[in-house]
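The values are calculated or read from the model by the stated rules, or taken from the named source; none is laboratory data. None of the values given here were measured: they were computed from a predicted structure. In this analysis, Cβ positions are derived from the backbone assuming ideal geometry, glycine residues included, and neighbour counts consider all displayed protein chains.
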Amino acid sequence: MDKKIISTAALLGASAIILGAFGAHALKKVLTDSQLITFETGVKYQMYHALFLLFVGFSTSISVKAKQIIYYCVLTGVLFFSGSIYLLATDELNSFNFKTIGFVTPIGGFLLIIGWFWLFVDFYRKK
């Protein structure tokens, strides 16, 4: 499980850097300042949670079950939260109205919170 978590963290981190650079250079020419700030929010949260998964993957203090729950909550949360933010920020660049799927953003955020909360619960249960 640790290999899977760390590999996912590395991919999320690398893709956050790529998306951040893409936003700062290519999208800067076509998005408003407000849209760029929104896009950057998605990048930040993706990177924060890549680092969180690195911590989880390398930690020996977290139970295997907790690692699994945290992994799936964070991965799904990043895909829903950051992914929907990327689509919403760039909504005007395509013909599909991504505002119709905006409801997944808070679901993703809730899953990210559950991941952090589960870490707390796992540490709290330890003696």
**Asked** Under 8 Å by Cβ, and 6 or more places apart or on different chains, what pairs join a residue from region 1-25 that is of a type in the set (Asp, Glu) with one that is part of a helix (DSSP H, G or I)?
**Response** Asp2/Gly57; Asp2/Phe58; Asp2/Lys67
**Asked** How many residues does region 93-124 contain that are in contact (Cβ under 8 Å) with a residue 60 or more places away in the chain and of a type in the set (D, E, K, R)?
**Response** 1
**Message:** Against the definition (of a type in the set (D, E, K, R) and farther than 22 Å from Thr8 by Cα), how does Asp91 come out, yes or no?
**Reply:** yes
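A quick yes/no check of all residues on (1) part of a helix (DSSP H, G or I); (2) of a type in the set (A, V, I, L, M):
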| residue | (1), (2) |
| --- | --- |
| Leu12 | yes, yes |
| Ala16 | yes, yes |
| Gly20 | yes, no |
| Leu31 | no, yes |
| Ile37 | yes, yes |
| Lys44 | yes, no |
**Prompt:** When you go through (1) modelled with pLDDT of 95 or more; (2) farther than 17 Å from Gly115 by Cβ; (3) surrounded by 14 or more Cβ atoms within 10 Å (Cβ to Cβ) one by one for Gly13, which number turns out not to apply?
**Reply:** (2)
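Per-residue answers, yes or no, for (1) in contact with a Leu (Cβ under 8 Å, 6 or more places away or on another chain); (2) within 18 Å of Met47 (Cα to Cα); (3) part of a helix (DSSP H, G or I):
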| position | (1), (2), (3) |
| --- | --- |
| Cys73 | yes, yes, yes |
| Val78 | yes, yes, yes |
| Ser82 | no, yes, yes |
| Leu88 | no, no, yes |
| Phe96 | no, no, no |
| Phe120 | no, no, yes |
**Prompt:** Only one of (1) modelled with pLDDT of 95 or more; (2) touching a Phe, Trp or Tyr at 6+ places or on another chain (Cβ under 7 Å) fails for Phe120. Which number is that?
**Reply:** (2)
**Prompt:** Applying the selection to region 79-127, what residues are under 12 Å from the mean Cα position of the chain (by Cα) and surrounded by 19 or more Cβ atoms within 10 Å (Cβ to Cβ)?
**Reply:** Phe80, Phe81, Ser82, Ser84, Ile85, Tyr86, Gly108, Leu111, Leu112, Gly115
**Asked** Would it be correct to say that Thr76 is surrounded by 15 or more Cβ atoms within 10 Å (Cβ to Cβ) and modelled with pLDDT of 95 or more?
**Response** yes
**Asked** Is it true that some residue in region 22-38 is under 10 Å from the mean Cα position of the chain (by Cα), over 16 Å from Ile114 (Cα atoms) and loosely packed, with under 15 Cβ neighbours inside 10 Å?
**Response** no
**Request:** Looking at (1) assigned to a helix (DSSP H, G or I); (2) under 30 Å from Val121 (Cβ atoms); (3) of a type in the set (Ser, Thr, Tyr), find the lone condition where Ser61 falls short.
**Result:** (1)
